[in-house]
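Structure first, commentary second.
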Amino acid sequence: MNELQETKQQEVLHPFFSIWLHPKKTARYILDYKGLGYAIMFILLGGMAGVLFGAMDSKLPLDIPTWGILLICVIGGPFIGLFSSAIGAGVILLIGKLFKGKATYNEMFKVMGLSSIPHIWLAPILLLWMAFSPETFFRMDSDYLEVKNLIVTLVSSLIAFCVTIWAVVINVGVVAETHRFSNWRAFFTIFIPGFLAFIILLIIVIIFTFSFIGQM
């Protein structure tokens with residue numbers, strides 16, 4: 001009977017769809033029923049989508065062909081995804097332990113790619129935007145924003161913003177399930193490293209700014 005229930009769950013639950021409304025259940029499904037190779041697939045795809053998101057409003061030269069950006073996504077994206085997931089899993093694991101989390105590094109690494117699924121879904125839209133209106137994709141504040149392009153930019157930006165916010169919500173649920181504690185603890189587990197990184201970056205910028213002013 002238990003084997004029948006397990007088989008039924010595996011047939012019904014598909015992470016690409018279930019993650020949107022059931023992040024905890026999806027995380028538990030990955031942890032209990034899927035191997036590391038299956039989890040890495042989301043990390044690799046998420047890395048590619050992350051490079052594409054990073055190209056938005058990046059002020060890159062407009063003469064860079066779309067296939068060049070795609071090549072960077074395909075080749076560099078997986079390495080970026082693996083590296084950031086390996087580091088991120090360790091950081092979230094350590095911070096979570098401060099809140100009495102119970103996850104292992106292997107468990108945390110397996111679920112790191114789940115929060116990237118919304119961005120993976122959005123990647124085709126960004127590709128179309130980049131292909132048909134590169135002037136607004138790479139320079140969202142440029143003089144190219146005519147009425148037609150402005151509408152495309154506003155709609156695409158709004159969708160990207162909403163998806164990013166929802167990815168954070170998903171990440172909170174995934175971390176909570178993996179560490180086996182509350183959503184609030186998961187939120188602060190994610191928030192603290194980001195806040196510390198921001199403070200460190202701000203200090204570095206201030207130091208470089210005053211050093212530059214002092215040399216003038």
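Numbers for the structure displayed
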{"read-out": "Accessible area (Å², 1.4 Å probe, nearest 10) - GLU177", "value": "50 Å²"}
{"read-out": "Added length on full extension, which subtracts the Cα-Cα distance from 0.36 nm per residue, PHE132 to LYS97", "value": "7.9 nm"}
{"read-out": "Links that overshoot a 18 Å alpha carbon limit, given the list LYS25/LYS110; LYS34/LYS97; LYS25/LYS97", "value": "LYS34/LYS97; LYS25/LYS97"}
{"read-out": "Spacing of the two label points (7 Å from each Cα toward its C-beta) at PHE83 and TYR33, in nm", "value": "3.5 nm"}
{"read-out": "SER84, SER116, reordered so the largest accessible area comes first (probe 1.4 Å)", "value": "SER84, SER116"}
{"read-out": "CYS162-ASP57 FRET efficiency (beta carbon distance; Förster radius 22 Å; 0.05 resolution)", "value": "0.85"}
{"read-out": "Solvent-accessible ranking of TYR105, TYR29, largest area first, probe 1.4 Å", "value": "TYR105, TYR29"}
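The values are calculated or read from the model by the stated rules, or taken from the named source; none is laboratory data. From a predicted model like this one, the values you see are computed outputs, not experimental measurements. Don't worry about glycine lacking a Cβ; one is built from the backbone with ideal geometry, like all the others, and counts go over all protein chains shown. What goes into the accessible areas is simple: the full protein's heavy atoms, side chains included, and nothing from ligands, DNA or RNA. Shrake-Rupley method; radii C 1.70, N 1.55, O 1.52, S 1.80 Å.
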